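To keep things clear, I will list the structure first and then write my remarks on it.
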Amino acid sequence: MPLPAQPIRLHRFGLSGHSHRVELFLSLLGLPFEIVEVDLRAGAHKAPEFLAKSPFGQVPAIEDGDIALADSNAILVYLAGRYDESGRWLPRDPLAAAEVQRWLSVAAGFLNTGPGAARLVTVFKAPLDHDRAKAIAARLYGVMEAHLAERGFLAGPGPTIADVALYSYTAVAPEGGVSLQPYPNIRAWLARVEALPGFVPMPRSAVAA
């Protein structure tokens, strides 16, 4: 596997699942990286120097040499394409690649507006509709539970960036009032991700799970 000429800089907020999925993937790939904490409460994400890396002012963002890239799913695609020569994490077969992309869309949609939004309400006091977010989460996890009954990972027999993208907010879904007890297949899948070499856990908030 090729390595970057210097450690990749990961600009993150520690309790962000979007940030964690990038940190997790960097670790799973065994790439050297350094963490730069972005103080969202102080407005650091709105500073001109950060907006130059992430024009929408969102974490995470990475710097890989002279490349600056934002958006967690885009970063996963970039890292897989540049540093995973095996094609394990982002398959080159068109159908397999499409399956991964489908789950990346789920991560940006149902996961974000369901479990992610529910956690924003309970952990960060965001003015969102908590009942709606939990209803979306129930729909998402009903589909995932059935899907994972037939396979070990989301997009095939082995892990891909689809699993990385869905893991973080699912692991802390109970912090948002979304129980994972009804979903044994999802809980088994979480355990399989956590058993991967290089796994790093998603930081928990002060909210009791």
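The values are calculated or read from the model by the stated rules, or taken from the named source; none is laboratory data. Keep in mind the model is a prediction, meaning the values are calculated, not measured. Counting neighbours? That spans all protein chains shown, and the Cβs are built from the backbone with ideal geometry, glycine included. Keep in mind that these areas ignore ligands, DNA and RNA; they rest on the heavy atoms of the full protein, side chains included. Shrake-Rupley method; radii C 1.70, N 1.55, O 1.52, S 1.80 Å.
For this structure, a couple of remarks:
- In the stretch 10-35, of all residues being small (Gly, Ala, Ser) and under 11 Å from Tyr169 (Cα atoms), the one that is farthest from the chain's Cα centre (by Cα) corresponds to Ser16.
- Contact map, the stretch 172-187: first residue free of Cβ contacts under 8 Å to residues at least 40 places away in the same chain, second residue among the hydrophobic types (A, V, I, L, M, F, W, C) and in a loop (DSSP other than H, G, I, E, B), Cβ cut-off under 8 Å, separation 6 or more or different chains; pairs are Pro174/Leu180; Pro174/Ala209; Arg187/Leu180.
- When residues of the stretch 64-73 are limited to those that are under 18 Å from the mean Cα position of the chain (by Cα) and open to solvent by 40 Å² or more (accessible area, probe 1.4 Å), the one farthest from Pro32 (Cα to Cα): Asp71
- Identification of helices (runs of 4 or more DSSP H) wholly contained in the stretch 1-103 with 1 or more residues that are at pLDDT 95 or above yields 17-29, 72-83.
- Set Pro174, Pro203, Pro159: member being over 18 Å from Asn112 (Cα atoms) and not aromatic (Phe, Trp, Tyr): Pro159
- The condition of being small (Gly, Ala, Ser) and open to solvent by 20 Å² or more (accessible area, probe 1.4 Å) holds for only one of Gly17, Gly43, Gly87, Gly57, that being Gly43.
- When Leu51 is tested against (1) open to solvent by less than 60 Å² (accessible area, probe 1.4 Å); (2) in contact with a helix residue (DSSP H, G or I) (Cβ under 9 Å, 6 or more places away or on another chain); (3) of a type outside the set (Val, Ile, Thr), only condition (1) is not met.
- Every residue from the stretch 128-148 that is under 22 Å from Arg102 (Cα atoms) and among the hydrophobic types (A, V, I, L, M, F, W, C): Ala133, Ala135, Ile136, Ala137, Ala138, Leu140, Val143, Met144, Ala146, Leu148
- A Cβ distance below 8 Å, combined with a sequence gap of six or more or placement on separate chains, defines the contacts here; from the stretch 1-17, residues that are under 17 Å from Gly43 (Cβ atoms) reach residues that are of a type in the set (Val, Ile, Thr) and part of a loop (DSSP other than H, G, I, E, B) in the pairs His11/Val38; His11/Val59; Arg12/Val38; Arg12/Val59; Phe13/Val38; Phe13/Val59; Ser16/Val59.
- Unique residue being open to solvent by less than 40 Å² (accessible area, probe 1.4 Å) and modelled with pLDDT under 95 when the list is Gly114, Gly156, Gly198: Gly156
- Qualifying residue in the stretch 69-76 (condition: out of contact with any helix residue (DSSP H, G or I) (no Cβ under 7 Å at 6 or more places or on another chain) and acidic (Asp, Glu)): yes
- Pairs with Cβ under 6 Å, 6+ apart, first in the stretch 79-95 and farther than 16 Å from Asp163 by Cβ and aromatic (Phe, Trp, Tyr), second modelled with pLDDT of 95 or more and not in a loop (DSSP other than H, G, I, E, B): Tyr83/Leu29
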